[in-house]
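Visitor: One structure, as structure tokens, below. Some questions next.
What follows is calculated from the coordinates using simple rules that are stated; it is not laboratory data. As the structure is a prediction and not an experimental result, all values here were calculated from the model. Positions of Cβ are generated from backbone atoms using ideal geometry, with glycine treated the same way; all protein chains shown enter the neighbour counts.
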Amino acid sequence: MELNQEQLQHFTKEGFLLVHDILADSDLDPVIQEYEDHIDRRARELLGQGKLSQLYEDQSFEHRLVCIFRENNEIYPELDIMHLRGKASFGFLRNKKLMAIVASIVGPEVTCSPIQHIRAKLPMGLTPGGADAHVASWHQDAGVTWNDADPYFILTVWIPLVEATEENGCLQIIPRAHGRGLLEHHSRVGVGTTIIDEEMPSQGVLNLPMKKGSVLLMHKETPHRSTTNQSDAVRWSMDLRYQQTGTPTGRPFHPSFVAYSQSNPSSVLEDHETWSKMWGQALENSVGIQPHRWSQKS
Ligand SMILES: O=C(O)CCC(=O)C(=O)O
Ligand SMILES: [Fe+2]
């Protein structure tokens, strides 16, 4: 379903659009299953190695990881799109319903940016090392690319895999704060890339609790953040970025690919193995490259 005029106007004016109930369980559950399968496989390994006391098989998607991590959290760094590189996740990046709404904003030639994540946002205090990369302080997504992408539009798509609530750390955004370009950010150890105090827009903050099946579209200049997960379950979500084919992603050292094309459908990358290999090689070759432009201060 393409976006209608009213929805497009809302996006242009507000810098975001919440599309309710657009994805069905059949769109999202293969991705969830892929993560459940990986967690199950790794739990069995940990059990075999004496690092886990039980499998917690009867626990839900939101709770099983919490039970496992209370004992051992070594699988935490594996849980993201570029690390797991699963077939269902790759397929979802080209999901037909998603491509229809994305193309409504980006245009008919769509590239999937490598700035893509699945986030298992843990209950506060459970992350290895204490700090949580999924608790994002105020930033624009324009602030996490290199400057080659600055002149170009990039669309962020944020998708909950379970209900996102204020309690478990849903997104908060500042509407109508886009259109002023990139604000000055800095990068702080343990906090991440953040808009400097002097540049923070003064408009009101909007909390965005979301149900599974809804999708948030966001302009790359819209300031947003998410707070800690105060619940006892994992807030699973996905955040993807799309842009017009041919424009730089701001992450030249990571692989992008054509996800949708009206003029040349055969240019769409459908081969899972090729995509997985591109990521594997890029991760090996990009060790030590700083993905953001702001140098880190302590
Ligand atoms: O998922 C979160 O809590 C923050 C994610 C974020 O900043 C983004 O998707 O751009
Ligand atoms: Fe972000």
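Visitor: Which number gives the lysine pairs in the chain that have C-alpha atoms under 24 Å apart and are eight or more places apart or on different chains?
Guide: 22
Visitor: So what J values fall out for segment 263-270 if you push phi through Karplus, 6.51 cos²θ - 1.76 cosθ + 1.60 with θ = phi - 60°, rounded to Hz, Gly and Pro as x?
Guide: 7, 8, x, 6, 7, 5, 7, 10
Visitor: In addition: Rounded to the nearest 20 Debye, what is the dipole magnitude of segment 91-222 about its Cα centre when Lys and Arg each give +1 and Asp and Glu each give -1 at the C-beta?
Guide: For this selection, approximately 640 debye.
Visitor: Moving on to the next point. What residue among ALA133, PRO114, GLY143 has its Cα farthest toward the positive end of the dipole of segment 5-297, where the charges are +1 on Lys, Arg and -1 on Asp, Glu, each on the Cβ?
Guide: Ranked along the dipole, the leading option is GLY143.
Visitor: OK, next. List TRP158, TRP294 from most exposed to least, where exposure is judged by having the fewest other Cβ atoms within 10 Å. Write out the running numbers ahead of the final one.
Guide: Values: TRP158 26, TRP294 18.
Ordered by Cβ neighbours within 10 Å, fewest first: TRP294, TRP158.
Visitor: Next question, about the same structure. Please arrange HIS178, HIS254 by how many other C-beta atoms lie within 10 Å of their C-beta, fewest to most.
Guide: HIS254, HIS178
Visitor: What FRET efficiency do you get for HIS272 and LEU8 if R0 is 35 Å and r is their Cβ-Cβ distance, rounded to the nearest 0.05?
Guide: 0.60
Visitor: Rounded to whole Hz and in sequence order, give me ³J(HN,Hα) for segment 291-296 from the Karplus expression 6.51 cos²θ - 1.76 cosθ + 1.60, θ = phi - 60°, writing x for Gly and Pro.
Guide: For segment 291-296, the Karplus curve yields x, 9, 8, 8, 6, 7 Hz.
Visitor: Could I ask something else about it? First check a/c for the chain, with a ≥ b ≥ c the square roots of the eigenvalues of its C-alpha gyration tensor; if it is under 1.5, answer rounded, and if not, answer prolate when a/b is larger than b/c or oblate otherwise.
Guide: Verdict is rounded for the chain.
Visitor: Let me make sure I get this right: for segment 134-218, a, b and c are the square roots of the gyration tensor eigenvalues over alpha carbons, sorted descending. Under 1.5 in a/c it's rounded, otherwise prolate if a/b > b/c, else oblate. Which is it?
Guide: prolate
Visitor: When a footprinting reagent is the concern and you count Cβ atoms within 10 Å, what order do CYS170, CYS67, CYS112 take, fewest first? Don't skip to the answer; put the middle values down first.
Guide: On the way: CYS170 22, CYS67 16, CYS112 27.
Going from least to most buried by this count: CYS67, CYS170, CYS112.
Visitor: May I pose another question? May I ask what percent, to the nearest 5, of DSSP beta bridges between residues of the chain are antiparallel?
Guide: On the way: 39 of 43 bridges.
Here the share of antiparallel DSSP bridges comes out near 90 percent.
Visitor: Assigning unit charges at the beta carbon (Lys, Arg +1; Asp, Glu -1) and nothing else, what dipole magnitude in debye, to the nearest 20, does the chain show about its Cα centre?
Guide: It comes to approximately 420 debye.
Visitor: Could you work out how far apart the two model spin labels at ILE289 and GLU166 are, taking each label as a point 7 Å from the Cα in the direction of the beta carbon, and quote it in nm?
Guide: Spacing of the two 7 Å Cα→Cβ label points: 4.1 nm.
Visitor: For segment 1-91, just say rounded, prolate or oblate: build the C-alpha gyration tensor, square-root its eigenvalues into a ≥ b ≥ c, call rounded for a/c under 1.5, and beyond that prolate if a/b exceeds b/c, oblate if not. Show your work: numbers first, answer last.
Guide: On the way: a/c = 2.96, a/b = 2.78, b/c = 1.06.
Here segment 1-91 falls in the prolate category.
Visitor: Taking +1 at the Cβ of each Lys and Arg and -1 at the Cβ of each Asp and Glu, which of VAL31, PHE16, HIS83 sits farthest along the dipole of segment 4-101 towards its positive end, judged by Cα position relative to the Cα centre?
Guide: With unit charges placed on the Cβ atoms, the residue in question is HIS83.
Visitor: Shifting gears a bit: Residue by residue through segment 153-161, which ³J(HN,Hα) values in whole Hz follow from phi under the Karplus form 6.51 cos²θ - 1.76 cosθ + 1.60 (θ = phi - 60°), with glycine and proline marked x?
Guide: Per residue, the Karplus-derived 3J(HN,Hα) values read 7, 10, 9, 8, 10, 10, 10, x, 9 Hz.
Visitor: Output the relative contact order of the chain, whole-number percent, from Cα pairs under 8 angstrom with separation of 6+ residues.
Guide: About 29 percent, as a whole number.
Visitor: Here's something else I'd like to know. Packing-wise, with mean Cβ within 10 Å as the measure, how do 131-138, 196-203 rank, highest first?
Guide: In decreasing order of mean packing, 131-138, 196-203 become 131-138, 196-203.
Visitor: While we're looking at this one, here's another question. Run the helix sum for the chain: -39,500 (n - 2.57) per DSSP H stretch of 4+ residues, divided by residue count, reported at 222 nm to the nearest 500 deg cm²/dmol.
Guide: Numbers: 7 runs with 80 residues, N = 298.
Per the formula, -8000 deg cm²/dmol.
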